[in-house]
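Read through the structure below, which is laid out as structure tokens, and then see the notes.
The values are calculated or read from the model by the stated rules, or taken from the named source; none is laboratory data. The structure presented is a predicted model; accordingly, all values stated were derived computationally and were not measured. A quick note on method: Cβ atoms are made from the backbone with ideal geometry, for glycine too, and the neighbour counts reach across all protein chains shown.
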Amino acid sequence: MRLIGEPPPAPGPAGAAVRGYAAERDHTRIPLVYAAAFGEPPWPDDWDRFAAFDPRGVFVAEERAAGEAVGFVTSFGRGDFGYVGVLAVVPGWRRRGVARALLRTAVVYLRSLGPDAVEVDAFVDARPAVVLYRACGFEVIRTYADPEAGSDAAAAAPSSVRAAPDGAQGG
Ligand SMILES: CC(C)(COP(=O)(O)OP(=O)(O)OC[C@H]1O[C@@H](n2cnc3c(N)ncnc32)[C@H](O)[C@@H]1OP(=O)(O)O)[C@@H](O)C(=O)NCCC(=O)NCCS
């Protein structure tokens, strides 16, 4: 999916704030937010290396009262290409505008590097994510079959289809 131009305003959630990534505070917390958001094991040990790819493009939503991380987004820009990677919010903080605020912060960062267009991948059946990206101005530019799915499964399962930037590979 692709957003061209300014992202829409995102006032941010009451009781939480978005800030830049602080490795010493966040490097053990992000993998746990990831696990809570996706219902998977914590992000593997390579998180620090992943974050080091562009730490300025990682933003964390933190609840003000207890200082707990409740969401994060990763992004990076190269040349005229801006890309949002992982966006995650823990279940207890959903539908309060946390993701909207994180996404806007990432897009503003990417646009500050030069790109006018920002892209993101989303599984077509990941309805909350797709609705979120649309609500934030992103449009589907391509859908394609997951190369890891069999052709029968690809035909039968919408989860094997996703939106992706031009020329991107599935994954
Ligand atoms: C997708 C996700 C990041 C949304 O986080 P969130 O903080 O709840 O999203 P927001 O509160 O900012 O929602 C903004 C808009 O997105 C849409 N949206 C978000 N969650 C939705 C849901 N469950 N169903 C329908 N629309 C939804 C709505 O349009 C919403 O605006 P509204 O609340 O005014 O109607 C969160 O559900 C999540 O972490 N999911 C698992 C991980 C994931 O799929 N990440 C994205 C792909 S990497």
>> Among the residues in the stretch 119-131, are any hydrophobic (A, V, I, L, M, F, W, C), in contact with a strand residue (DSSP E or B) (Cβ under 9 Å, 6 or more places away or on another chain), over 21 Å from residue 37 (Cα atoms) and in a helix (DSSP H, G or I)?
In response: no
>> Name the single residue that is farthest from the chain's Cα centre (by Cα) among those in the stretch 75-92 being within 12 Å of the ligand (Cβ to nearest atom) and surrounded by 22 or more Cβ atoms within 10 Å (Cβ to Cβ).
In response: 89
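Given the criterion within 14 Å of the ligand (Cβ to nearest atom), under 16 Å from the mean Cα position of the chain (by Cα), touching a residue at least 12 places away in the same chain (Cβ under 8 Å) and surrounded by fewer than 18 Cβ atoms within 10 Å (Cβ to Cβ), identify the matching residue among 53, 38, 72, 59.
Numbers: 53 fails: within 14 Å of the ligand (Cβ to nearest atom); 72 fails: surrounded by fewer than 18 Cβ atoms within 10 Å (Cβ to Cβ); 59 fails: surrounded by fewer than 18 Cβ atoms within 10 Å (Cβ to Cβ).
From the options 53, 38, 72, 59, the qualifying one is 38.
Could you tell me which residue of the stretch 9-31 is farthest from residue 65 (Cα to Cα), considering only residues that are of a type in the set (A, V, I, L, M, F, W, C) and away from the ligand (no atom under 16 Å from the Cβ)?
Per the criteria, the residue is 23.
Give the residues of the stretch 120-134 that are closer than 12 Å to residue 1 by Cβ and within 14 Å of the chain's Cα centre (by Cα), sorted by residue number. It would help to see each step written out before you state the result.
Within the stretch 120-134, the first condition is being closer than 12 Å to residue 1 by Cβ, and the residues that meet it are 120-124, 126, 129-134.
Across the stretch 120-134, the qualifying residues are 120, 121, 122, 123, 126, 129, 130, 131, 132, 133, 134.
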>> So, in the stretch 101-119, exactly how many residues are near the ligand (Cβ under 8 Å from one of its atoms) and within 10 Å of the chain's Cα centre (by Cα)?
In response: 2
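Show me the strands (runs of 3 or more DSSP E) entirely contained within the stretch 1-98 in which 3 or more residues are over 25 Å from residue 143 (Cα atoms) and at pLDDT 95 or above.
On the way: elements: 2-4, 16-20, 59-63, 69-78, 81-89.
Because the criterion is at least 3 residues that are over 25 Å from residue 143 (Cα atoms) and at pLDDT 95 or above, the strands (runs of 3 or more DSSP E) in the stretch 1-98 that meet it are 16-20, 59-63, 69-78.
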